[in-house]
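A.B. asks: A single structure is presented below for examination.
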Amino acid sequence: MPLYDVIVIGSGPAGLTAAIYTTRANLKTLVIAGAVAGGQLMITTDVENYPGFPKGVQGPELMELWRQQAQRFKADFIDDNVSKVDFSKRPLKVWTSEGMHEGRSVIIATGANAKYLGLPNEERLKGRGVSACATCDGFFFKGLDVVVVGGGDTAMEDSLYLSKLCKTVTVVHRRHEFRASKIMQDRLFKTANVKVLWDTEVIDVLGDAKVEGVRIKNVKTRQTSDLKVQGLFLAIGHEPATDILRDQLHLEKGYVVLRPHDGLSTATSVDGVFAAGDVHDFRYRQAVTAAGYGCMAALDAERWLQHAPA
Ligand SMILES: Cc1cc2nc3c(=O)[nH]c(=O)nc-3n(C[C@H](O)[C@H](O)[C@H](O)COP(=O)(O)OP(=O)(O)OC[C@H]3O[C@@H](n4cnc5c(N)ncnc54)[C@H](O)[C@@H]3O)c2cc1C
């Protein structure tokens, strides 16, 4: 097996952008693309906010073009998951079902997955009214009625964002108080077209081809009823894909922690290991920001390799 200058783990916007930059800098690059090659945008349809596509682009098409661009500069690809890493010694070691791969540096771009409620109809109507990204999909619900599920700061932020686009926003929360910060709650309560249903759960999503409503249940009275809405937004958290990194890198709440180095940097707690995209960024979570971080990680890796121990 060759010794790679850079092993990129993940092939979403962050990983593929990193690979475009490292290969164009003449660094021998292996991309371990993951079992779900292409990342989160593979499960969406219209992407209207990625620059350079004035008419929008389908998520899978965008990721296919992105991958072709990385392959043009001769990155090696393995469509598999990394099952184990060892960052305690050099060269850095990464395992897939094909065996061990060695790199002088590693860029982690494994992303994060939104949590869903786990309802069968929710799965079926994903991208047809069910969304876990208000910033990405809110625009498609202009003037419509939507439900937001959640009770933390993200749920407040998403609801406030949607309130500027949608006719009404109903926040469904299974407890009788929010976890969100007081200031965010106050903002929410003051917004005229937002209402809150306490002690309530969404138990089904209604509609054939697209969302036409949700079935809700009051957890105290156990009474069920239907709400006529066109959108269901989940804001119940994300799961960063960092299982393989436990005991290897400094993580907080599962996210990779970046180490400031002369200002903003993608360095992690291990020298020569960098992270890019949703795997560390729980704030912005957009394709364009993940791509930006991918570029930064590649430039950081390139600079680090110039002075790296042999
Ligand atoms: C339904 C939906 C719609 C969205 N719409 C938009 C939109 O319109 N505009 C926008 O800007 N953003 C949108 N987003 C957000 C955007 O998709 C993410 O911010 C972006 O994909 C993050 O990129 P990433 O490269 O950090 O991670 P991801 O895209 O999550 O990619 C992670 C990659 O790592 C791989 N991986 C994970 N674990 C392993 C492992 N153990 N070994 C190897 N590989 C691994 C995965 O297979 C995947 O290839 C949307 C998200 C969703 C879920």
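The values are calculated or read from the model by the stated rules, or taken from the named source; none is laboratory data. None of the values given here were measured: they were computed from a predicted structure. A quick note on method: Cβ atoms are made from the backbone with ideal geometry, for glycine too, and the neighbour counts reach across all protein chains shown.
A.B. asks: For residue 204, indicate whether it is in the same structural domain as residue 168 (by TED's automatic domain parsing), acidic (Asp, Glu) and touching a residue at least 60 places away in the same chain (Cβ under 8 Å).
C.D. replies: yes
A.B. asks: Now, a different point. Going by the structure shown, is residue 245 within 19 Å of residue 141 (Cα to Cα), under 26 Å from the mean Cα position of the chain (by Cα), within 16 Å of the ligand (Cβ to nearest atom) and crowded, with 21+ Cβ neighbours inside 10 Å?
C.D. replies: no
A.B. asks: Select from the range 91-101 the residues that are at pLDDT 95 or above and in a loop (DSSP other than H, G, I, E, B) and list them in ascending order.
C.D. replies: Those that are at pLDDT 95 or above and in a loop (DSSP other than H, G, I, E, B): 91, 97.
A.B. asks: Of all residues in the range 263-305 being within 13 Å of the ligand (Cβ to nearest atom) and of a type in the set (Lys, Arg), which is surrounded by the fewest Cβ atoms within 10 Å (Cβ to Cβ)?
C.D. replies: Here the answer is 283.
A.B. asks: If I filter the range 298-308 for residues that are outside any helix (DSSP H, G or I) and among the polar types (S, T, N, Q), do I get at least one hit?
C.D. replies: no
A.B. asks: For the range 102-132, how many residues are buried (at least 24 other Cβ atoms within 10 Å of the Cβ) and either more than 30 Å from residue 203 (Cβ to Cβ) or more than 10 Å from the ligand (Cβ to nearest atom) (or both)?
C.D. replies: Residues in the range 102-132 being buried (at least 24 other Cβ atoms within 10 Å of the Cβ) and either more than 30 Å from residue 203 (Cβ to Cβ) or more than 10 Å from the ligand (Cβ to nearest atom) (or both): 8 in total.
A.B. asks: A further question follows. If only one of 205, 211, 229, 196 is in contact with a helix residue (DSSP H, G or I) (Cβ under 8 Å, 6 or more places away or on another chain) and closer than 26 Å to residue 127 by Cβ, which one is it? Spell out the reasoning first.
C.D. replies: Details: 211 fails: in contact with a helix residue (DSSP H, G or I) (Cβ under 8 Å, 6 or more places away or on another chain); 229 fails: in contact with a helix residue (DSSP H, G or I) (Cβ under 8 Å, 6 or more places away or on another chain); 196 fails: closer than 26 Å to residue 127 by Cβ.
Only one candidate passes the filter, namely 205.
A.B. asks: Also, quick follow-up: Where in the range 1-88 are there strands (runs of 3 or more DSSP E), lying wholly inside it, with at least 2 residues that are within 12 Å of the ligand (Cβ to nearest atom) and of a type outside the set (D, E, K, R)?
C.D. replies: Where strands (runs of 3 or more DSSP E) fall fully within the range 1-88 and carry at least 2 residues being within 12 Å of the ligand (Cβ to nearest atom) and of a type outside the set (D, E, K, R), they are 3-9, 29-32, 76-78.
A.B. asks: Further question: Confirm whether residue 138 is under 19 Å from the mean Cα position of the chain (by Cα) and not basic (Lys, Arg).
C.D. replies: It is true that residue 138 is under 19 Å from the mean Cα position of the chain (by Cα) and not basic (Lys, Arg).
A.B. asks: Now a separate question. Going through the range 114-129 one residue at a time, which ones are in a helix (DSSP H, G or I) and of a type in the set (D, E, K, R)?
C.D. replies: 122, 123, 124
Okay, residues lined up against (1) surrounded by fewer than 13 Cβ atoms within 10 Å (Cβ to Cβ); (2) touching a residue at least 24 places away in the same chain (Cβ under 8 Å); (3) within 26 Å of residue 40 (Cβ to Cβ):
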site: 179; (1), (2), (3): no, yes, yes
site: 186; (1), (2), (3): yes, no, no
site: 193; (1), (2), (3): no, yes, no
site: 199; (1), (2), (3): no, yes, no
site: 211; (1), (2), (3): no, yes, yes
site: 228; (1), (2), (3): yes, yes, no
site: 249; (1), (2), (3): no, yes, yes
